[in-house]
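Student: Here it is, the structure in full.
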Amino acid sequence: MRVLLVSDLHANWPALEALRVPYDVCLCLGDLVDYGCDPAPVIDWVKRHVYACVRGNHDHMVAQYVTTNGQSGFRYLSGVTRSISQERLEPDQRRFLADLPLTRFLTLGGKRFLLVHATPRDPLDEYASGDVDFWKRRIAGLGVDVVCVGHTHQPYVLQVEGTTIINPGSVGLPRDGDPRLSYAIWEDGQVTLHRLEYDVEQAVRRVHETHLPDLAKEMLAQVLRQGSLHNGSHRPAPPVGSNGSLSR
Ligand SMILES: [Fe+2]
């Protein structure tokens, strides 16, 4: 069985549209909306193609009309792009986000999977790097073979005491310095991480067609083109952990 894992699509339709790889089952680890300009086609794609999907922090905030008031970095971008998410979704699409489960257990190819956006302890917000000791404490007692997560926009695969931890990275907004979209394949117990080029300039054009402030357009274009947000010409990002709720 070939399982396609995607996460953090972030309303980037040009990226998602480019992802045409064969699979038997597609799983999604959340964050369908915010940052990008096309939340509706991304949600429709997930409805059509994804077998199981969990709710990301951005899905939750859009579904519950939460506002984000960040002054800098990704919190700023999260706040200003929220209006696009709200304006461009139909009520049934917002309901779809609200109905997404926080966690999902399922069995595929004889293996027990757990899907969660962030971590089993804190399904929406906890930041989990690819650290074995961190994950040892998070998977104790779960009784699963594979844990699939997103949220960090950093792809990794770990083996932790017989459990495979997979983070496929981000389709819509990679932040590890590589602007190519990121995904993972689990095939009969073997995991591979993949990067794929897509039409980044189309995504940048979509940003420039919006009513977003010029600063936001410039920052989003930079992340899309470079796979990271350097703060040189922008307002400084808050230090990691300063408020415990950096928008991923
Ligand atoms: Fe995200």
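The values are calculated or read from the model by the stated rules, or taken from the named source; none is laboratory data. Just so we're clear, the structure is a prediction, and the values are computed from it rather than from any experiment. Using ideal geometry, Cβ is built from the backbone for each residue, glycine included, and neighbour counts are taken over all protein chains shown. Please note that ligands, DNA and RNA were not included when accessible areas were found on the heavy atoms of the full protein model with its side chains. Shrake-Rupley method; radii C 1.70, N 1.55, O 1.52, S 1.80 Å.
Student: Given labels modelled 7 Å from the Cα in the Cβ direction, how far is it in nm from Glu87 to Phe105?
Tutor: 4.4 nm
Student: So which GluC sites (Glu not before Pro) in the stretch 142-237 are both in a DSSP loop and have at most 14 other Cβ atoms within 10 Å of their Cβ?
Tutor: Numbers: sites: Glu161, Glu187, Glu197, Glu201, Glu209, Glu218; in loops: Glu161, Glu197, Glu209.
For GluC sites (Glu not before Pro) across the stretch 142-237 that sit outside H, G, I, E and B with at most 14 neighbouring Cβ atoms in 10 Å, the list reads Glu161, Glu197, Glu209.
Student: Under the Karplus relation 6.51 cos²θ - 1.76 cosθ + 1.60, θ = phi - 60°, what is the ordered set of whole-Hz ³J(HN,Hα) values for the stretch 63-68, x standing for Gly and Pro?
Tutor: 5, 9, 6, 7, 9, 10
Student: Let me ask another. Accessible area per residue, 1.4 Å probe, Å², for the chain: what's the number?
Tutor: Working: 10190 Å² over 248 residues.
Spelled out: the 1.4 Å probe surface of the chain, per residue, equals 41 Å².
Student: Taking DSSP loops as anything outside H, G, I, E and B, show the longest stretch in the chain free of chymotrypsin sites (Phe, Trp or Tyr not before Pro) there with at most 15 other beta carbons within 10 Å. Provide the component values of the computation, followed by the final result.
Tutor: Values: sites that count: Tyr51, Tyr65.
Segment 66-248 is the longest.
Student: May I ask you to derive the FRET efficiency for His49 and Arg95 from their Cβ-Cβ distance with R0 = 25 Å, giving the value to the nearest 0.05? Walk me through the intermediate numbers first.
Tutor: Values: r = 19 Å, r/R0 = 0.76.
It comes out at approximately 0.85.
Student: If each DSSP helix of 4+ residues adds -39,500 (n - 2.57) and the sum is divided by the residues in the chain, what number results at 222 nm, nearest 500 deg cm²/dmol?
Tutor: Working: 8 runs with 78 residues, N = 248.
Per the formula, -9000 deg cm²/dmol.
Student: I would also like to ask the following. Multiplying the sequence separation of Thr67 and Asp24 by 0.36 nm and subtracting their Cα-Cα distance, what value in nm do you get?
Tutor: 11.7 nm
Student: Further question on the same structure: Relative contact order for the chain using alpha-carbon pairs under 8 Å, separation at least 6, rounded to a whole percent?
Tutor: Numbers: 558 pairs, mean separation 54.5, N = 248.
RCO, the chain: 22 percent.
Student: Still on this structure, I have one more. Take the Cβ-Cβ distance between Ser129 and Leu193 as r, set R0 to 25 Å, and report the resulting FRET efficiency rounded to the nearest 0.05. Display every interim value, and only then the final one.
Tutor: Values: r = 15 Å, r/R0 = 0.61.
Taking R0 as 25 Å, the efficiency between Ser129 and Leu193 is 0.95.
Student: State the extension gain, in nm to one decimal, for the chain segment bounded by Ala40 and His208, taking 0.36 nm per residue of separation less the distance between their alpha-carbons.
Tutor: Numbers: separation 168, 0.36 × 168 = 60.48 nm, distance 1.81 nm.
Fully extending the segment from Ala40 to His208 adds 58.7 nm.
Student: Could I ask something else about it? Please work out, to two decimal places, the log10 of the ratio I(q)/I(0) at q = 0.11, 0.15, 0.16 Å⁻¹ from a Debye calculation in which every Cα of the chain carries one identical scatterer.
Tutor: With one equal scatterer per Cα and no solvent, log10 I(q)/I(0) is -0.52, -0.99, -1.14.
Student: Sorted from largest to smallest, which semi-axis lengths in Å does the alpha carbon gyration tensor of the stretch 27-90 give for its equivalent ellipsoid, taking the root of 5 times each eigenvalue? Could you put the intermediate results ahead of the total?
Tutor: Numbers: eigenvalues 91, 29, 18 Å².
Three semi-axes, in Å: 21, 12, 10.
Student: Under a 5 Å amide H to amide H cut-off, with H placed in plane at 1.01 Å, what residues pair with Arg112 once short-range neighbours are removed?
Tutor: Correct list: Asp145, Val146.
Student: On the protein heavy atoms, probe 1.4 angstrom, tell me the percent of accessible surface of the chain carried by carbon and sulfur. Can you show the working numbers first?
Tutor: Working: 4830 of 10190 Å².
C and S atoms contribute 47 percent here.
Student: I've got another one for you. What does the net charge come to around Tyr65 if you take all other residues with beta carbon closer than 11 Å to its beta carbon, with K and R at +1 and D and E at -1?
Tutor: Details: positive: Arg82, Arg94; negative: none.
So the environment of Tyr65 carries a net charge of +2.
Student: Which log10 I(q)/I(0) values does the stretch 115-199 give at q = 0.19, 0.25 Å⁻¹ under the Debye formula, counting every alpha carbon as one identical point scatterer?
Tutor: So the normalised log intensities are -0.81, -1.28.
Student: If the viscosity is 1.567 mPa s and the temperature 4 °C, what Stokes-Einstein diffusion coefficient in µm²/s follows for the stretch 14-137 when Rh is the Kirkwood radius over Cα pairs? Let's see the in-between values first.
Tutor: Values: Rh = 15.6 Å.
It diffuses with D of about 83 µm²/s by this estimate.
Student: In addition: So for the pair Gln159, Arg121, with labels modelled 7 Å out along Cα→Cβ, what separation do we get in nm?
Tutor: 2.5 nm
Student: Loop-only trypsin sites (Lys or Arg not before Pro) in the stretch 1-54, please: DSSP not H, G, I, E or B, and at most 12 other Cβ atoms within 10 Å.
Tutor: Working: sites: Arg2, Arg20, Lys47, Arg48; in loops: Arg20.
Those that pass, being in a loop and sparsely packed, are Arg20.
Student: Let me ask something else about it. Report the local net charge at Glu187: Lys and Arg +1, Asp and Glu -1, summed over other residues whose C-beta lies under 13 Å from its C-beta.
Tutor: Working: positive: Arg2, Lys111; negative: Asp24, Asp188.
So the environment of Glu187 carries a net charge of 0.
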